[in-house]
Amino acid sequence: MDTKPFTSGLGESAVLVTRVADRQWHALDDDLVVGRGHAQHRPDGRLFVSVDAWHDTAFDRLAAALVAHLPAPLHTVVDEADTALTARWLRAGFTVRRREGEYAVPTDPEVTGLGAVLPPPGVTIVPAGRTDEALLRAVDRAIRDEVEASVGWRSMPAEVIPRPGGDTLVDPSTYTVAASPDRYLGLIRVAPVKRPRIGLVAVRAGERRRGLARALLAHELGRLHDCGVGTAWVEIQESNRAAAALFEGIGARQQGGNLELVR
């Protein structure tokens, strides 16, 4: 383990930053843990760090240890409303890479207006768990290529950024798709967690403006409503006005936002 003494400014004692496990550090003040630092790879391979500290001194020392011992680039995510924490990371040399708004999405068809929405003629909705994986991977790859050719895949949420080997599917069993007889035209993924989160809604470029995204949302939000879930959640990058308009059009309201910072 690594131990580094550091004068805390809180008294005569010294703050020690100690690596207690792989990618985990503690800040100690007179043998009392006053902060913890942690690093973890996301599925896309990017390294995200976090620091939980009692005071600025411990935070600064832990952040310095993370920067010194981990390979760049390092990423972190903070609540946009937490200006004090944001300032700490900026002081550590991080810069804002992107902003995402967090939206609460109602599931009640009477609120969303999606109760009567059906897919266009010739298109069916295939529920999660019943999709053909080969066709699912084909539509995922096609959409990825289209995004890469326009705004760039790095603008997408972390969970759909290419994983090792270029695979962008998080869990094939969690995708619902809009299907024609010979191929899939669009997809939606809802993370099966306690607070359901819409991780991705995407449609092939040539199939847009046909109501496929609304049909996919109608299916998934309706399913959640039938299961007794009143609200789903989605993160939307501030520059993605089309996505914001889609969700605001069904009654979603921004409840907060996150900043992704990078060094």
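Tabulated results
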| item | result |
| --- | --- |
| Residues of segment 245-263 satisfying the condition of being open to solvent by 40 Å² or more (accessible area, probe 1.4 Å) and in contact with a Pro (Cβ under 7 Å, 6 or more places away or on another chain) | 263 |
| Output for segment 216-244, where each listed residue is open to solvent by 60 Å² or more (accessible area, probe 1.4 Å), part of a helix (DSSP H, G or I) and at pLDDT below 95 | 241, 242 |
| Per-region count, segment 65-75, residues open to solvent by 20 Å² or more (accessible area, probe 1.4 Å) and within 11 Å of residue 25 (Cβ to Cβ) | 3 |
| Contacts under 6 angstrom Cβ, first residue in segment 121-132 being over 14 Å from residue 186 (Cβ atoms), partner acidic (Asp, Glu) and open to solvent by 70 Å² or more (accessible area, probe 1.4 Å), 6 or more apart | none |
| Condition check for residue 81: open to solvent by less than 30 Å² (accessible area, probe 1.4 Å) and more than 30 Å from residue 169 (Cβ to Cβ) | no |
| Flag for residue 203 being surrounded by fewer than 20 Cβ atoms within 10 Å (Cβ to Cβ), modelled with pLDDT of 90 or more and within 21 Å of residue 112 (Cβ to Cβ) | no |
| Flag if residue 213 is under 18 Å from the mean Cα position of the chain (by Cα) and crowded, with 19+ Cβ neighbours inside 10 Å | no |
| Segment 16-25, residues that are surrounded by 15 or more Cβ atoms within 10 Å (Cβ to Cβ) and either modelled with pLDDT of 95 or more or over 21 Å from residue 94 (Cβ atoms) (or both) | 16, 18, 25 |
| Condition met for residue 198 (touching a helix residue (DSSP H, G or I) at 6+ places or on another chain (Cβ under 8 Å), crowded, with 23+ Cβ neighbours inside 10 Å, of a type outside the set (Gly, Ala, Ser) and farther than 18 Å from residue 141 by Cα) | yes |
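One line per residue, one yes/no per condition, for (1) at pLDDT 95 or above; (2) open to solvent by 20 Å² or more (accessible area, probe 1.4 Å); (3) over 22 Å from the mean Cα position of the chain (by Cα); (4) among the basic types (Lys, Arg):
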| site | (1), (2), (3), (4) |
| --- | --- |
| 63 | yes, no, yes, no |
| 77 | no, yes, no, no |
| 90 | yes, yes, no, no |
| 93 | yes, yes, yes, no |
| 124 | yes, yes, yes, no |
| 140 | no, no, no, no |
| 150 | no, yes, no, no |
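The values are calculated or read from the model by the stated rules, or taken from the named source; none is laboratory data. Values in this document were obtained by computation on a predicted structure and should not be read as measured data. Glycine gets a Cβ as well: all are built from the backbone with ideal geometry, and neighbour counts include every protein chain shown. Keep in mind that these areas ignore ligands, DNA and RNA; they rest on the heavy atoms of the full protein, side chains included. Shrake-Rupley method; radii C 1.70, N 1.55, O 1.52, S 1.80 Å.
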